[in-house]
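Have a look at the structure below, then the notes.
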Amino acid sequence: MKLKLLLLLSAFALAAQAQEEPLYEKKVRLGVKIGVNASVFTREVDPFDGDRSRTYANYLSYYRASGLGGVTALLVLNKRFSFGAEALFNSRGMAYREPNNRVVIIDDEGNEELAYNRFNYNIDYIEFPVMLNYGFRPSTDNLTIMPYAGLAPATVINRKTKIRYEQSTGHTSSKGKYETATLSSVNPFNTSVLLGVQVGQLASEKTSMYGDLRFSHTLLPVFDRASTPEGANLKTHMFTTSFSLGVRF
């Protein structure tokens, strides 16, 4: 009788422990993610390096805001470690801007805003990040924090410069005049080192959501030459901060 009672209590204890620590029965989790980037070159490049011409004399360095999106896969190795892989469209680059005092922009609430002319380096990649993740739970809630590190090989699919000049219409609204040109000498392939953290719902068989904060730095220079034929600088890497939202199924 005592043996039966001991076995019954052991069964209840195992069942309670199983409820507290969900089993990772689904080893592969597929998903999608979408997010935004803020990217900058690590050095100023032509035509913003050295002694600038009058055309670009008043431009100041600024981050390029852009987007990313794609599909993800998570291979769960055990309760702590997992392997992640992604296929992303990742738009990056650099931006400069100068105040345009000849334009008045009035928002929907009637407030005046400062207008800027903007010069963008637009470099779009198809990227294939691979990461090793370490997950832990800060409490008993259905929450996991997952720092990770990895590499992201990428190939360029679009490269251009874009200049937007603000123009006013009737002193109450604005529209931009765009000029674009092909950006030459961009490295067709690059690889970035990644560091980041994902915070979201505990990986289980159910659909789970998470936020992803990522920092990346290119291992190769952005351009395949150090300078232009005229001697202006092209030697730079690129640093990007990304925030995205993802869903795993």
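Any read-out appearing in this document is the output of simple, stated calculations on the displayed coordinates, not a laboratory observation. Computed from a predicted structure; not experimentally measured.
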For segment 25-248, compute Rh as the Kirkwood radius over C-alpha pairs and then the Stokes-Einstein diffusion coefficient at 25 °C and 0.890 mPa s; write the answer in µm²/s, rounded to an integer.
126 µm²/s
Number of Lys pairs (Cα under 29 Å; 8 or more positions apart or on different chains) in segment 25-248
15
Phi-based couplings in Hz for segment 98-110 (Karplus 6.51, -1.76, 1.60; Gly and Pro marked x)
10, x, 10, 6, 8, 10, 10, 10, 10, 7, 5, 9, x
